[in-house]
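Worksheet for the structure shown next.
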Amino acid sequence: MNLTLRPYKPSDATVITSWLKNEYLMRQWCADRYDYYPITPEAMNAYHEKFIDRDKSCALTMCDGDEILGYITLRTPADDHAEQRLGFVIVDDSKRGQGLGKSLVSLAVDYALRELGAAKVSLGVFENNSYAIHCYEAAGFHRISRHDIESYQCMGETWNCIEMILLKDKMIYDT
């Protein structure tokens, strides 16, 4: 495979939204960012128009040639670009177990550090998403404690987030 990241295109939404097979998985992916399930390609593109500004946030699609295999966003959580935050991480559900999640996260981290000048990459993941937690740990992220636990009401339950970070000065680059 020759995996690359490129900017998200509106035509990608049809493929990406098809990976969200049920509302539970969708909520693990986006929490309360969309009001209803299923998410349509039009709704995904409307979200992008409203929230992805290409200055403090960007959306990236992972491809192998022309095949779309993953999607991820990066955003600056403060006015300082030293931190970039990953979000909306998803890979083709028919290809799970092939290391694509780790590849997607690693490519996005590399992009954040090298292209955006970040010194730290952070993310929040629901504690009920063990596959994602394992993926992030495999990509080098570490859990950190927070005094204020971020929680969301999803599907009649309270879902708590685990905060994870990766620091540039703690990384070993393959050159």
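The values are calculated or read from the model by the stated rules, or taken from the named source; none is laboratory data. As the structure is a computational prediction, the values presented were derived from the model and not from experiment. Because the Cβ atoms are built from the backbone with ideal geometry, glycine has one as well, and the counts that use them run over all protein chains shown.
Please give the strands (runs of 3 or more DSSP E) falling wholly within the stretch 133-172 in which 3 or more residues are in contact (Cβ under 8 Å) with a residue 40 or more places away in the chain.
Per the criteria, 151-154, 157-167.
Only one of (1) touching a residue at least 60 places away in the same chain (Cβ under 8 Å); (2) closer than 16 Å to L3 by Cβ; (3) of a type outside the set (D, E, K, R) fails for W29. Which number is that?
If we test W29 against (1) touching a residue at least 60 places away in the same chain (Cβ under 8 Å); (2) closer than 16 Å to L3 by Cβ; (3) of a type outside the set (D, E, K, R), just (2) comes out false.
When residues of the stretch 52-105 are filtered for being in contact with a Gly (Cβ under 9 Å, 6 or more places away or on another chain), over 25 Å from L167 (Cβ atoms) and of a type in the set (S, T, N, Q), how many remain?
Adding up the residues that qualify gives 1.
Can you run down the residue pairs with Cβ atoms below 9 Å, 6 or more apart or on separate chains, where the first is in the stretch 47-60 and closer than 14 Å to P10 by Cβ and the partner is in a loop (DSSP other than H, G, I, E, B) and among the β-branched types (V, I, T)?
Every condition considered, the pairs that remain are Y47/I39; A59/I52.
Restricting to the stretch 117-175, give me the number of residues that are closer than 13 Å to L86 by Cβ and among the hydroxyl-bearing types (S, T, Y).
Qualifying residue count, the stretch 117-175: 2.
Here are some residues: I16, I39, I68. Which one is without any contact (Cβ under 8 Å) to a residue 40 or more places away in the chain and among the β-branched types (V, I, T)?
One residue alone meets the criteria, I39.
Return yes or no: is L123 in contact with a Leu (Cβ under 6 Å, 6 or more places away or on another chain), part of a strand (DSSP E or B), surrounded by 13 or more Cβ atoms within 10 Å (Cβ to Cβ) and at pLDDT 95 or above? Give the derivation first.
On the way: in contact with a Leu (Cβ under 6 Å, 6 or more places away or on another chain): yes; part of a strand (DSSP E or B): yes; surrounded by 13 or more Cβ atoms within 10 Å (Cβ to Cβ): yes; at pLDDT 95 or above: yes.
Answer is yes for this residue.
Would you tally the residues in the stretch 104-118 being surrounded by fewer than 21 Cβ atoms within 10 Å (Cβ to Cβ) and without any contact (Cβ under 8 Å) to a residue 60 or more places away in the chain?
Going through the stretch 104-118 one residue at a time, the tally reaches 7.
State whether one or more residues within the stretch 4-16 are modelled with pLDDT of 95 or more, of a type in the set (G, A, S) and under 17 Å from E115 (Cβ atoms).
No, every residue in the stretch 4-16 fails to be modelled with pLDDT of 95 or more, of a type in the set (G, A, S) and under 17 Å from E115 (Cβ atoms).
Looking at R54, R33 in this structure, which one is among the charged types (D, E, K, R), modelled with pLDDT under 95 and farther than 24 Å from E150 by Cβ?
R54
Given Y8, Y47, Y111, which one is under 19 Å from Y152 (Cβ atoms) and not polar (S, T, N, Q)?
Y47
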